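**Student:** Supplied in structure tokens, the structure appears directly below.
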Amino acid sequence: MSTTKQLAETYKNSKYQVPGHGPRNIHVLQNALAELDGNLESDIYGKGQVIEEFEKKLAAILGKETAVFFPSGTMAQQIALRIWCDQKSVKKVAYHPLSHLEIHEEDGLKKLHLIESVLLADKTRLIRLEDVKNMDTDVACLLLELPQREIGGELPEYEELVAISEFCREKEIKLQLDGARLFEVLPYYQKSAAEICQLFDSIYVSFYKGIGGLAGSILAGDEEFTKEAKVWKRRHGGDLISLYPYILSADYYFEQRKNRFPQYYEQAKELASFYNGCHGITTRPVVPVSNMFHVHLPFPKETLEPVFQAVYEQAGVGLAMALHAVDEASCYFEVSVGDNYGGIPKEALQHAFRVLDEKMKEV
């Protein structure tokens, strides 16, 4: 067995796992459905009480006229950008070079919709107001991801968001929020979801990341926008005969966790301080701005996999299921704090980091 697989197995078998809400097994769905009336009627091809009430609920929370439930965020965001491009008759959109659309979707936006991407900033930093002002081509829409996951979950300051929003409205550029982790950033901004979303013309939110549902997403905007989104959802095959397992689990875990994100945020800052106290280890950001951050290690992945496995075996605490190579000399992993963290005894956690620190010094 490779060291990568050994690390994953040891992580799964450790008494405590630090990140996330727990295993993604069928209990995620069973728990959500356990107390529901079995006679509740399912949605059918995008219609029915189950889906329509959830869409209205989320539209109100996000401060938008209407919302549409999608089985995936990939589908939702491509459709949002297509709508804005068609409206302006401009087949260009701008976003970060490490946007999900650019690196994880097999060029779906380009191949399916013939939309060209304009990449702003670079892979090491956030999009700034000056990047938007200095675009040398006309675009239909600017997409901003909050937080910017691939660089550790960094965030612009709220004042800069406001300035970007005002500039886009002045220049008639639509602003789309990749808010896959929208609720995770509210504690840092000290704003409501609606206050953040009022800066944007359309919003996508995921229900399986920090919220921990089965799958699914919401796309919200004004009535004209969502009416068109429903047409494109049908064209993309997103109107399954029933989506209720995703909707009901999204609603269940949203209600269960919507008020816990301030707690996750404070715990993430504590956890990052533990990592930064270990020899050679740094986090990005040093002080997290949400419940997620990246942990960077100045040694090759292959060198550190046995080290982390030994920590898990000795301390009984799993820190990460996998390490990812940055280059030949360094690696990193991502951390998202959820329900798991609060269930770990402090002495067990502190012991794990003492062991990690010792073993990093040995390396």
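**Student:** Could you check the range 250-279 and list, in sequence order, the residues that are within 21 Å of G343 (Cβ to Cβ), of a type in the set (S, T, N, Q) and part of a helix (DSSP H, G or I)?
**Tutor:** Q256, Q263, Q267, S273 - these are the residues of the range 250-279 that are within 21 Å of G343 (Cβ to Cβ), of a type in the set (S, T, N, Q) and part of a helix (DSSP H, G or I).
**Student:** Need the failing condition index for W232 against (1) more than 19 Å from the chain's Cα centre (by Cα); (2) under 19 Å from A121 (Cβ atoms), just the number.
**Tutor:** (2)
**Student:** Give all pairs with beta carbons closer than 9 Å in which a residue from the range 108-134 that is on the phi > 0 side of the Ramachandran plot meets a residue that is part of a loop (DSSP other than H, G, I, E, B); count only pairs at least 6 apart in sequence or on separate chains.
**Tutor:** Listed pairs, sorted by first residue: L114/K91; A121/H96; A121/P97; A121/I127; A121/R128.
**Student:** Same structure, new question: All but one of (1) within 30 Å of F333 (Cβ to Cβ); (2) surrounded by fewer than 20 Cβ atoms within 10 Å (Cβ to Cβ) hold for G179; which doesn't?
**Tutor:** All conditions pass for G179, except number (2).
**Student:** Shifting gears a bit: Within the range 215-237, is there a residue that is surrounded by fewer than 23 Cβ atoms within 10 Å (Cβ to Cβ), farther than 21 Å from L112 by Cβ and free of Cβ contacts under 8 Å to residues at least 24 places away in the same chain?
**Tutor:** yes
**Student:** Counting just the residues of the range 1-31 that are assigned to a helix (DSSP H, G or I) and aliphatic (A, V, I, L, M), which one comes out surrounded by the fewest Cβ atoms within 10 Å (Cβ to Cβ)?
**Tutor:** L29
**Student:** Of the conditions (1) out of contact with any Phe, Trp or Tyr (no Cβ under 6 Å at 6 or more places or on another chain); (2) of a type outside the set (K, R); (3) not assigned by TED's automatic domain parsing to the domain that holds A310; (4) not in a loop (DSSP other than H, G, I, E, B), P97 fails just one. Which one is it?
**Tutor:** (4)
**Student:** Please pick out the residue among E154, E160 that is under 27 Å from H324 (Cα atoms) and not β-branched (V, I, T).
**Tutor:** Answer to the selection: E154.
**Student:** Residue by residue through the range 1-43, note down the ones that are within 22 Å of the chain's Cα centre (by Cα) and of a type in the set (V, I, T).
**Tutor:** V18, I26, V28
**Student:** Still on this structure, I have one more. Collect the residues in the range 140-156 that are more than 17 Å from A272 (Cα to Cα) and assigned to a loop (DSSP other than H, G, I, E, B), keeping them in residue-number order.
**Tutor:** A140, L146, P156
The values are calculated or read from the model by the stated rules, or taken from the named source; none is laboratory data. Only a predicted model underlies this, so the values are computations on that prediction, with no experimental measurement involved. Every residue, glycine among them, receives a Cβ derived from its backbone with ideal geometry; neighbour counts consider all protein chains shown.
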